[in-house]
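Enquirer: I'd like to ask you about the structure that follows.
Read the figures in this text as sums done on the coordinates, not as results from a lab. It should be emphasised that the depicted structure is a prediction, and the values quoted were computed from it without experimental measurement. All Cβ positions, glycine included, derive from the backbone under ideal geometry; neighbour counts span all protein chains shown.
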Amino acid sequence: MRTFFLIAVLLLVSCAQNQEKPTVVIEKNSSRQTSEMATLMLQMFEVNMQHKELISNGEAVKGNPNQFTNIYTAKFTDPTEEKPNFEAYADLYMDNFKKVFEAQDDLLKQQHNNVIQSCIACHQTTCPGPISKIKKLILP
């Protein structure tokens, strides 16, 4: 009887171990595409984060001061989001961004922060969601 009981327990344990665990598969929704403007803004964030790190380390910024001129032509996620004053904000950003490459060492931090403030000013009028993320680019 003891042998039968031992065999029954071993059989149950071995069967229980062979059960497959359910697998959850998460698929990305490929039908949703990022707009040109959203892609550009992400690139701008990355470049300005690199600038922040360089300036924090006392190094000069690198790159192309004209790399974001497509800000004037990039399509918005929702075309109704583009406000009449967007071009003025784009001008302000581009002017400040170019000045980072021309700034003297003692003014580099201030000029970088001017670039970031121009982003915040625009986002206060349109698409305020990323403002908290943008503020992380400010140099103390």
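Enquirer: Only one residue in GLN111, GLN67 is out of contact with any helix residue (DSSP H, G or I) (no Cβ under 6 Å at 6 or more places or on another chain) and of a type in the set (S, T, N, Q), so which one is that?
Expert: Going through GLN111, GLN67 in turn, the sole match is GLN67.
Enquirer: Scan the range 103-113 for residues that are closer than 12 Å to HIS51 by Cβ, part of a helix (DSSP H, G or I) and out of contact with any Lys or Arg (no Cβ under 6 Å at 6 or more places or on another chain) and jot them down.
Expert: Within the range 103-113, LEU108, LYS109, HIS112, ASN113 qualify.
Enquirer: For the range 104-119, name all the residues that are surrounded by 18 or more Cβ atoms within 10 Å (Cβ to Cβ) and not polar (S, T, N, Q).
Expert: LEU108, HIS112, VAL115, ILE116, CYS119
Enquirer: Check whether at least one residue in the range 120-131 is under 15 Å from HIS51 (Cα atoms) and more than 15 Å from the chain's Cα centre (by Cα), and report yes or no. Even if it seems obvious, please write down each step before you answer.
Expert: At the first step, the residues of the range 120-131 found to be under 15 Å from HIS51 (Cα atoms) are none.
No, there is no match, as no residue in the range 120-131 is under 15 Å from HIS51 (Cα atoms) and more than 15 Å from the chain's Cα centre (by Cα).
Residue-by-condition table, conditions (1) in contact (Cβ under 8 Å) with a residue 60 or more places away in the chain; (2) part of a helix (DSSP H, G or I):
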| site | (1), (2) |
| --- | --- |
| MET41 | yes, yes |
| ILE55 | yes, yes |
| ASN66 | no, no |
| PRO84 | no, no |
| TYR89 | no, yes |
| PHE101 | no, yes |
| GLN124 | no, yes |
| CYS127 | no, no |
| LEU137 | yes, no |
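Enquirer: Residues to consider are THR125, THR77, THR69; find the one that is among the β-branched types (Val, Ile, Thr), closer than 16 Å to MET37 by Cβ, touching a Ser or Thr at 6+ places or on another chain (Cβ under 7 Å) and surrounded by fewer than 17 Cβ atoms within 10 Å (Cβ to Cβ).
Expert: Values: THR125 fails: touching a Ser or Thr at 6+ places or on another chain (Cβ under 7 Å); THR69 fails: touching a Ser or Thr at 6+ places or on another chain (Cβ under 7 Å).
When all the criteria are applied, what remains is THR77.
Enquirer: Still on this structure, I have one more. For LYS83, which of the numbered conditions (1) surrounded by 13 or more Cβ atoms within 10 Å (Cβ to Cβ); (2) within 21 Å of the chain's Cα centre (by Cα); (3) not small (Gly, Ala, Ser) fails to hold?
Expert: Exception for LYS83: condition (2).
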